[in-house]
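The values are calculated or read from the model by the stated rules, or taken from the named source; none is laboratory data. Just so it is clear, the structure is predicted and the values come from calculations on it, not from any experiment. Here the Cβ is made from the backbone with ideal geometry for all residues, glycine too, and neighbour counts use every protein chain on show. When the accessible area is computed, the model is the full protein with side chains, heavy atoms only, and any ligands, DNA or RNA have been set aside. Shrake-Rupley method; radii C 1.70, N 1.55, O 1.52, S 1.80 Å.
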Amino acid sequence: MSSDEMLAKKDDFFGHNVVRDPYPKLAERAAQCPVHPGTFSTFFDMVGAEDILFPDAEQISVLSFDGVEAGFKDQEHFSSCWYEASLGKMIGRTIIEMDPPEHGRHRQLIQGALTKREMHRWEEEFVRAIVDTTIDTFIESGTADLVDDFALHYPLKVIAAACGLPQEDVSSFYRWAAILTNVSISAEEREEASAEFGEYLAAAVTDRRANPRSDLVTHLVQAEFRDGAGRQALNDDEVIAFLRLLLPAAAQTTYRTLCNLLFGLLSHPEQLEALREDHSLIEQAIEEGLRWQPPLMSFGRTTVADAEIEGVAVPAGTLVNLVVGIANRDPQRWENPDVFDIYREPQGHLAFGSGAHVCLGIHFARMELRVAMEQVLTRLADLRFADGIEPVHITGLGQRSPAHLPVMFTPSNRIGTAS
Ligand code: HEM
């Protein structure tokens, strides 16, 4: 199956073509009660990934900001072992499915690879160049689809560069990432892709142990610290599993976030113009885009002891959907929450999660989004939706973004940066 066929299958499965705007219904439910039985997909009479993964389990959906934040933060009752059945089975045991104290130790080993300082180096060394060479491919024509021509493969190109892997392999990463995270594809197919991807990564890990470089793979194989339990380091399987997590974690989220922000700005030309004139607004615009239309609607937890959330008793063994999308529009926290407004007073949102598992790629994602926006605003003059197109929308239930963003702008010259 080609990458495009994979994407189409995945997006259909997640309601890309079925659910355009889930927010009115979710808001109605949230106003009735912050906690509801069933997965959020069932509110729309749909079968979501959570229903396929756990068909027989008791499931609840949490819809308020306070409830979702509490679910993320309370590791004693709300366990990340939820991911064992979804991701873990396919990619191996990684940080995302661990609880304390294992999680803390593992995170300490990995987080040094993704610091703000390291992101600054990546930005200078290759990220801006990747954005510019991508823009070069369409800037002379005056038209583009900012999904297919710009955003879709951008995060994977950056991850490949960060890992010191060849840019020619990006379409294989895309295929592997799409198969691994699509629970509607057969287990055999996914296992096959996981093994193929694992073999590919094992070669890079072996090479970096023998020939260290200044890349992410080298950082992971060399990371270590000592604590009461002795020397802590990652073995090859752990490095490979983490790299297998990184690709889908980084790819799907960042490209969809970028597309959603571009959509918000193209639909609000006065805000787009304000941003073009004042790039210091870009960072708050990124956060508003993430609040307004996070790329992933919900994250899972499993209660490992009897718990309570928003005053509702939740027995041990319940699967909990923390529905970030609607929590980010909680009217108790945001005025006119459905409105995209880059001038809002900054207030923490939950698109990156919260607590101990808060997105490890947070500085990475923010840097990638900022650099992409800076170059788009600087290089694509008079950017607007293309004339005569069918109206474009952000769609999807579990994963949300526009399928296409056809735009026009004043044609300009390539700048010919090599990546
Ligand atoms: C805008 C883009 C992104 C969004 C919205 C996002 C969102 C999230 C969220 C909500 C979580 C927490 C999941 C949970 O608690 O169940 C998470 C965890 C994680 N993210 Fe991201 N992410 C983004 C980009 C990235 C990137 C670029 C990377 C690559 C380094 C990355 C790597 C990770 C990892 C490794 C974790 C697991 C952290 C842990 O378990 O301690 N993410 N992300």
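Observations
- The residue that is nearest to Leu245 (Cα to Cα), counting only those in region 186-211 that are open to solvent by 60 Å² or more (accessible area, probe 1.4 Å) and aliphatic (A, V, I, L, M), is Ala203.
- Unique match (being more than 11 Å from the ligand (Cβ to nearest atom), under 20 Å from Ala351 (Cα atoms) and not aromatic (Phe, Trp, Tyr)) among Ile60, Ile52, Ile95: Ile60
- Of the residues Pro331, Pro337, the single one that is out of contact with any Phe, Trp or Tyr (no Cβ under 9 Å at 6 or more places or on another chain) and either open to solvent by less than 10 Å² (accessible area, probe 1.4 Å) or not hydroxyl-bearing (Ser, Thr, Tyr) (or both) is Pro331.
- Scanning region 161-172 for residues that are over 18 Å from Leu369 (Cβ atoms) and within 13 Å of the ligand (Cβ to nearest atom) returns a single hit, Cys163.
- Restricting region 312-362 to residues that are part of a helix (DSSP H, G or I) and out of contact with any Gly (no Cβ under 8 Å at 6 or more places or on another chain) leaves a set whose member that is nearest to the ligand (Cβ to nearest atom) is His357.
- Leu180 in contact with a helix residue (DSSP H, G or I) (Cβ under 7 Å, 6 or more places away or on another chain) and closer than 30 Å to Thr395 by Cα: yes
- Filter result for Gln293 (more than 16 Å from the ligand (Cβ to nearest atom) and closer than 28 Å to Tyr255 by Cβ): no
- Test for Leu245: is it more than 25 Å from Phe126 (Cα to Cα), at pLDDT below 95 and within 16 Å of the ligand (Cβ to nearest atom): no
- Pairs with Cβ under 7 Å, 6+ apart, first in region 81-97 and charged (D, E, K, R), second in a loop (DSSP other than H, G, I, E, B) and within 10 Å of the ligand (Cβ to nearest atom): Glu97/Ser80
- Yes/no for Phe263 being part of a helix (DSSP H, G or I) and farther than 20 Å from Met367 by Cα: no
- When the residues of region 363-397 are filtered to those that are of a type in the set (Gly, Ala, Ser) and outside any helix (DSSP H, G or I), the one that is farthest from the ligand (Cβ to nearest atom) is Gly388.
- Pairs are defined by a Cβ separation below 8 Å, a sequence spacing of at least 6 or placement on different chains, a first member in region 198-215 that is under 13 Å from Asp237 (Cβ atoms), and a second member that is of a type outside the set (D, E, K, R) and in a loop (DSSP other than H, G, I, E, B); the pairs so defined are Gly198/Gly92.
- Checking Ile96 against (1) modelled with pLDDT of 90 or more; (2) among the aliphatic types (A, V, I, L, M); (3) open to solvent by less than 40 Å² (accessible area, probe 1.4 Å), the condition it does not meet: (3)
- Inter-residue pairs, beta-carbon under 6 Å, first open to solvent by 40 Å² or more (accessible area, probe 1.4 Å) and in region 165-181, second modelled with pLDDT under 90 and among the polar types (S, T, N, Q), 6+ apart: Ser171/Ser3; Arg175/Ser3
- Taken over region 148-164, residues that are touching a residue at least 24 places away in the same chain (Cβ under 8 Å), under 16 Å from Asp215 (Cβ atoms) and either assigned to a helix (DSSP H, G or I) or open to solvent by less than 10 Å² (accessible area, probe 1.4 Å) (or both) amount to 7.
- Yes/no for Asp145 being surrounded by fewer than 21 Cβ atoms within 10 Å (Cβ to Cβ), within 13 Å of the ligand (Cβ to nearest atom) and at pLDDT 95 or above: no
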